[in-house]
Amino acid sequence: MNMRLRFAPSPTGYLHVGGARTAIFNWLFARKEGGVLVLRIEDTDRVRSSEEHTKVILDGLTWLGVDWDEGPFFQSEGVERHRADATRLLEEGKAYRDFTDTAAMRLEAKERGMHPSRVVREKMMDLGAESAKQRAEAGEPFAIRLLVPDGETVFDDLVHGEMRFGNDDIDDLVILRSDGTPTYNLAVVSDDADMRITHVLRGDDHLSNAPKQVLLYRALGYPEPVFAHVPLILGSDGRKLSKRHGAMAVGDYAEEGIVPEAMMNFLALLGWSPGDDRELMTREELLGAFGMERLLKSASVFDIDKLEWLNGRHLDAYSDEELAKCLRDLLQEDDSFCSGFLDDVNWLSELLGLIKPRARRLDQLAEQARPFVCQNLHFDMKAVEKHLNKDPGAAIKRLQSLYETFRGADWTREELEVSLRDLASQMEVGAGKLIHPLRIALTGNMASPGIFDVLYLLGRERSLSRIEDAVERINLR
RNA sequence: GCCCCGGUCGUCUAAUGGUUAGGACACCAGGUUUUCAACCUGGCAAUCGGAGUUCGAUUCUCCGUCGGGGUACCA
C-alpha cells in the first residue's frame, strides 16, 4: 500500500513554527518512505481565511524546502461530500437531527449534571426519527449529531502507543451545523478518507479529536489511518508559544536572516533526535536519519539561541557566490552600496572569511559587510564619543599621523602593521591608542575584523579618505 | 469540574533494571588578541515528589504534583 500523508494548515496569515515543524515531519517521513505528501488548506473558517493568507503559508513551506506532491486542495471544495457523509450517517441511524436550542440545553445539562450532548440525545431520541423527519421536512432548521455508541474507543498512535477513551466522555458531536455547513471533525475525516490518507501526523493538540474522528471513520465505514501526534513547541517559559515569546512565524525568522537549512535542522531536532550526538545536519542527513520511532512524547521549548548557533554553522556551508547574492539583497536599499566590490571573487572571499565568524545571521553578515561595500558609514555614537570626541586634540593628531604614515606605505597587511606600530612607539603610546580611533574612522564601529585586514580590504584610497573624513568630523563638532 | 498527554542539566537531547547519567546550546573561567567575534582548554549544571515491584530503579507500577492539550453548531 502506498503511504499517503498530508499537511493541513489553516490559512491564518502566517506559517507558525509549530505548523512548520509538523510539515517538516510529514515531509521527512513521506520522502524517506517514498510516500505521497498532500497539502490541504483548511479554509472552512471563512472569516479567517483568505487567498493572501494561503499564499503566505505556501511561501513559507517553499522557503523551508518542504515540497508537496498533490494539492493544495481546499477543504471548502469538499462541502458537498461532507454534507453527503453527514446525511448518510443520518439515514443509517448513526447520527440524528438536533432541533434543540444550545443555550437551553447547556443550562439543563448543568442542572442535571450531564453532558449537554447527552441531554440533547435524550430529547431527540424521545422525539423519534419519524417526527424528526417531519419537522425537518416542514423546514425547521436542525444540526446533525453523531450518535456516539456505548463502549470504548481504542486506537493506536505511533508516538503514544495505544490510546483508550471511554465513549461516555465523548460528546455526540455536531457534524453538520444547522446552516448546512460541516464541522471540523467531519470535514477532516471525510477529506482524509477521500484523499486515501494512510498516516495522520499532526500536533498533540489534536489528540483529543482523534477518538471522535476514529468514531467517524468507523461509522462511515472508511479505512482508518495510522495516527501520530507529535508534541507541541512551547515558549521559553514553558507556556504555549505566543507573540510575547517573539517571532512565531517562519517568515519572521527568514527576515531576521535565518536560513532555511538551519530552520529545518533546528525544528526537526525539536521532538525528534537521530539517536546519536549529531546536531548539525543537512537536509539529506535528516532524511537519512529520520524515523517515526524516534519521535519524542514530550513538548519542547523553542530556543532561539540554539537556532542562531545552528544558523551560523549552516552559513559556513554557504558558498561565496550565495552569500554575495544575500548581501546584494540585503544591502540594495542602501544608496551608497557599491555592489561592484562583490564581483571581485578574491576580495569577496577575503571579506567573507573575516566577517562570517562574526555573524550568525544573514542580517548580521550584511551589517558586518556594510563598511566594506557602502560609501556611507553608520557611526556608532558611543564609539565616536569614546575614541574621537573625548580627547579631540589627541584623536586628530593620531589620525593625521596615521594618514601621513600610511600615505607612503606599501598596502600590505605586514607593512601597514609595522608602520602603525612604529608610529605608536615614536609617539610613545600603546598601539591601541591609534587602533581604536582608526577603527572608528574606517568602519564607524567599535568592533570590526582585525584592523590591518580592514585597511587592506578597504584599500589605500578609501582608507585614507575615511581618515580624512574622521578628522573633519571631529573638527566640525 | 471532567477527559487526555507529558516531566533527565536553564534549554534541546542521549542512555540504561547495575554508567563517574553522555553530547550540544547557553552561562562562567582561562588561553589567544588591537576591538568584537571565531577558535582552543577547563568548569558549573539534571533523572519532579512519595510509595510499591526488585538484590538493585532515572528506567517498570500506582498515587500526588507541576506543565500542556481538549472539553464549541472554532479549526
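The values are calculated or read from the model by the stated rules, or taken from the named source; none is laboratory data. None of these values were measured; they are calculated from a predicted model. Neighbour counts are summed over all protein chains in view; Cβ atoms, including those assigned to glycine, are modelled from backbone coordinates with ideal geometry.
With respect to the conditions (1) exposed (fewer than 13 other Cβ atoms within 10 Å of the Cβ); (2) in the same structural domain as A:GLU261 (by TED's automatic domain parsing); (3) basic (Lys, Arg), A:ARG112 lacks only one, and its number is (2). Residues in the range A:116-150 that are touching a strand residue (DSSP E or B) at 6+ places or on another chain (Cβ under 7 Å) and in a loop (DSSP other than H, G, I, E, B): A:PHE142, A:LEU147. If only residues of the range A:376-395 that are surrounded by fewer than 16 Cβ atoms within 10 Å (Cβ to Cβ) and among the aliphatic types (A, V, I, L, M) are counted, the one that is nearest to the chain's Cα centre (by Cα) is A:MET381.
Screening the range A:307-391 for helices (runs of 4 or more DSSP H) wholly inside it with 3 or more residues that are within 16 Å of RNA strand B (Cβ to nearest atom) and either in the same structural domain as A:VAL471 (by TED's automatic domain parsing) or out of contact with any strand residue (DSSP E or B) (no Cβ under 8 Å at 6 or more places or on another chain) (or both) returns the ranges A:345-355, A:362-373, A:381-384. Take the conditions under 42 Å from the mean Cα position of the chain (by Cα), within 14 Å of RNA strand B (Cβ to nearest atom) and in contact (Cβ under 8 Å) with a residue 60 or more places away in the chain and apply them to A:PHE155. Does it pass? Criteria met by A:PHE155. Residues in the range A:221-265 that are among the charged types (D, E, K, R) and outside any helix (DSSP H, G or I): A:GLU224, A:ASP237, A:ARG239, A:LYS240, A:GLU256. For A:ARG83, the conditions (1) surrounded by 15 or more Cβ atoms within 10 Å (Cβ to Cβ); (2) away from RNA strand B (no atom under 14 Å from the Cβ); (3) under 26 Å from A:ASP192 (Cβ atoms) all hold with the exception of (2).
On the basis of being farther than 30 Å from A:ARG283 by Cβ, surrounded by fewer than 18 Cβ atoms within 10 Å (Cβ to Cβ) and in contact with a Gly (Cβ under 8 Å, 6 or more places away or on another chain), does A:ALA136 make the cut? Even if it seems obvious, please write down each step before you answer.
Details: farther than 30 Å from A:ARG283 by Cβ: yes; surrounded by fewer than 18 Cβ atoms within 10 Å (Cβ to Cβ): yes; in contact with a Gly (Cβ under 8 Å, 6 or more places away or on another chain): no.
The answer is no for A:ALA136.
Residue check: is A:LEU232 in contact (Cβ under 8 Å) with a residue 24 or more places away in the chain, within 13 Å of RNA strand B (Cβ to nearest atom), of a type outside the set (Ser, Thr, Tyr) and touching a helix residue (DSSP H, G or I) at 6+ places or on another chain (Cβ under 9 Å)? Answer is yes for this residue.
Considering (1) modelled with pLDDT of 90 or more; (2) in a helix (DSSP H, G or I), the lone condition that A:ASP156 does not fulfil carries the number (2). Number of residues in the range A:9-41 that are surrounded by fewer than 22 Cβ atoms within 10 Å (Cβ to Cβ) and small (Gly, Ala, Ser) equals 4.
From A:ARG421, A:ARG439, A:ARG460, A:ARG398, which residue is within 15 Å of RNA strand B (Cβ to nearest atom), surrounded by fewer than 20 Cβ atoms within 10 Å (Cβ to Cβ) and part of a helix (DSSP H, G or I)?
Answer to the selection: A:ARG421.
Can you spot a residue in the range A:158-170 that is polar (S, T, N, Q) and within 12 Å of RNA strand B (Cβ to nearest atom)? Scanning the range A:158-170 turns up at least one residue that is polar (S, T, N, Q) and within 12 Å of RNA strand B (Cβ to nearest atom). Restricting to the range A:324-349, give me the number of residues that are of a type outside the set (A, V, I, L, M), within 16 Å of A:PRO371 (Cβ to Cβ) and crowded, with 17+ Cβ neighbours inside 10 Å. So the count comes out to 2. Take A:ALA129 and tell me if it is within 10 Å of RNA strand B (Cβ to nearest atom) and either of a type in the set (Asp, Glu) or under 18 Å from A:ARG88 (Cβ atoms) (or both). Against the criterion (within 10 Å of RNA strand B (Cβ to nearest atom) and either of a type in the set (Asp, Glu) or under 18 Å from A:ARG88 (Cβ atoms) (or both)), A:ALA129 does not qualify.
In this structure, A:LEU89 does not satisfy being in contact (Cβ under 8 Å) with a residue 12 or more places away in the chain, assigned by TED's automatic domain parsing to the domain that holds A:ALA254 and in a helix (DSSP H, G or I).
Has the range A:225-242 got any residue that is modelled with pLDDT of 95 or more, surrounded by 15 or more Cβ atoms within 10 Å (Cβ to Cβ), among the aromatic types (Phe, Trp, Tyr) and within 21 Å of A:ASP303 (Cα to Cα)? No; the residues of the range A:225-242 include none that is modelled with pLDDT of 95 or more, surrounded by 15 or more Cβ atoms within 10 Å (Cβ to Cβ), among the aromatic types (Phe, Trp, Tyr) and within 21 Å of A:ASP303 (Cα to Cα).
There is at least one residue in the range A:385-395 that is touching a helix residue (DSSP H, G or I) at 6+ places or on another chain (Cβ under 6 Å), of a type in the set (A, V, I, L, M, F, W, C) and under 13 Å from A:ALA470 (Cβ atoms).
Within the range A:189-221, the set of residues being closer than 18 Å to A:ASN26 by Cβ, touching a His at 6+ places or on another chain (Cβ under 9 Å) and either within 8 Å of RNA strand B (Cβ to nearest atom) or of a type outside the set (Val, Ile, Thr) (or both) comprises A:ASP191, A:LEU201, A:ARG202, A:GLY203, A:ASP204, A:ASP205, A:HIS206, A:LEU207, A:ALA210, A:GLN213.
Among the listed residues A:MET281, A:MET263, A:MET292, which satisfies the condition of being within 19 Å of A:LEU234 (Cβ to Cβ), more than 10 Å from RNA strand B (Cβ to nearest atom) and surrounded by 12 or more Cβ atoms within 10 Å (Cβ to Cβ)? Show your work before the answer.
Working: A:MET281 fails: within 19 Å of A:LEU234 (Cβ to Cβ); A:MET292 fails: within 19 Å of A:LEU234 (Cβ to Cβ).
Going through A:MET281, A:MET263, A:MET292 in turn, the sole match is A:MET263.
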